[in-house]
Amino acid sequence: MIFRQLFDHDSSTFTYLLACEVTREALIIDPVLGRVDRYLQLLEELDLKLAKAVDTHCHADHITALGALRDKTRCITVMSEYTDVDVVSMRVRDGDKIDVGNISLTVLHTPGHTGDSCCFVMDDRVFTGDTLLIRGTGRTDFQQGDAHAAFVSLFNKLMTLPEETFVYPGHDYKGESVSTIAEERAFNPRLQVTSADQYAEIMNSLNLPNPKMMDVAIPANLTIGYQPSDPQIDSQTLGIDEAESLLDTPNILFIDLRETSERQKDGIIKGSLHTPYASLEENIRPGGLLRSLSNDSSSTLLLYCSFGERSALALQALREAGIGNVKHIGGGIEAWKKAGSPLEKISG
């Protein structure tokens, strides 16, 4: 595995780059908008393709780079299913996996700092965002913060990990970079409590000033949804009623861009072909599946994903590749479910 820990001095934020040495696919955790050029440079230097950009929660102290990285690399954006952020490509829940190449992160939903806070566990390490810091913990006084929920997240989830698990936090203000679960259990002053009420008493008496970028960062981070600049995409976006009316139409090919885990969780549209978004580039090359399917000028490819973001990005990529007989479903499976449209379950 390729692993880099990057630091933004302005917000004291750690960003983590992980990549598979076999596929050269990478994911990035908690990227900062002002560091996008550095991330892109590092990806180029290491010959990596960014597959996923992940935020541990909706940040209040810096503006996320999820939207900028998606627009520049067409990566998948990932956050908790509990987030209030308008649109991300993939929303994950407790126990879900975030996979890139041979790297797999297990999602822990750890509310307390915010309602959407998550940590990500892999092998010998855990990326804790603002839930657990080195000799500290994330504040609980805004964005659905809850000290009692934080206590449960810390003691019932993080502290149950193996003692030797490395702790990689989302921030540090004292020059530290990594710890372990054992160290934090023994030496973190906020973990030397025996009850949620005791922990809440500590957190509720901190009286910290608001993050200096809070009034700017939170509104910006809540509105990172993909806004295509190409008006033709709007003309090729179908509403749910129109898309559903095309079911069982012989020359309409429904193309599911989601990952297998998403298909198993929510089901599929009847008759869909599965071509994961991660394989988009190879599928639109000469000889690729989507290009081959598009050679039949009488057929239309109808793309869909979870929320309509990946399908819009894929639509744009197909058009740039000269493939014109393609449309996508606005709002994706989430909108399809809300409309009560039919889905088929698939087995694991």
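Readers should treat all values here as calculations from the given coordinates under stated rules, not as data from a laboratory. Just so it is clear, the structure is predicted and the values come from calculations on it, not from any experiment. A quick note on method: Cβ atoms are made from the backbone with ideal geometry, for glycine too, and the neighbour counts reach across all protein chains shown.
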Helix-only mean residue ellipticity at 222 nm for the chain, each DSSP H run of n ≥ 4 adding -39500 (n - 2.57), per residue, nearest 500: -7500 deg cm²/dmol
Highest-fluctuation residue, 337, 174, 72 considered, GNM on the chain with Cα pairs under 10 Å: 174
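Report the relative contact order of the range 2-222, percent, no decimals, based on alpha-carbon pairs under 8 angstrom and at least 6 residues apart. Could you put the intermediate results ahead of the total?
Numbers: 477 pairs, mean separation 38.6, N = 221.
Relative contact order here is 17 percent.
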The chain: translational diffusion in µm²/s, Stokes-Einstein, Kirkwood Rh over Cα pairs, 25 °C, 0.890 mPa s: 115 µm²/s
Ordering of 125-133, 1-9 by burial proxy (mean other Cβ atoms within 10 Å per residue, highest first): 125-133, 1-9
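Mind running the shape call on the range 225-348? Use the C-alpha gyration tensor, a ≥ b ≥ c as the square roots of the eigenvalues: rounded below 1.5 for a/c, prolate if a/b tops b/c, oblate otherwise. Spell out each step's value before the answer.
Numbers: a/c = 1.39, a/b = 1.26, b/c = 1.10.
Note, shape of the range 225-348 comes out rounded.
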Table column - 3J(HN,Hα) (Hz), the range 242-252, Karplus curve with 6.51, -1.76, 1.60, x for Gly and Pro: 5, 5, 5, 5, 8, 4, 6, 7, x, 9, 10
Stretchable slack from residue 23 to residue 260, in nm (0.36 nm times residue separation minus alpha-carbon distance): 83.5 nm
Candidates per GluC sites (Glu not before Pro) in the range 153-224, loop by DSSP, up to 16 other Cβ within 10 Å: 163, 164, 176
Residue order, fewest to most surrounding Cβ atoms within 10 angstrom, among 93, 139: 93, 139
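Can you tell me the length gained on complete extension of the stretch residue 186 to residue 251, counting 0.36 nm per residue apart and subtracting the Cα distance? Walk me through the numbers on the way to the answer.
Working: separation 65, 0.36 × 65 = 23.40 nm, distance 6.41 nm.
Answer, rounded to one decimal: 17.0 nm.
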Rough spin-label spacing in nm, given labels placed 7 Å along Cα→Cβ, for residue 232 and residue 338: 2.9 nm
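Taking the beta-carbon count within 10 Å as an exposure proxy, list 16, 39 from fewest neighbours to most. Please list the in-between numbers first.
Details: 16 20, 39 24.
Ordered from fewest to most neighbouring Cβ atoms within 10 Å, 16, 39 come out as 16, 39.
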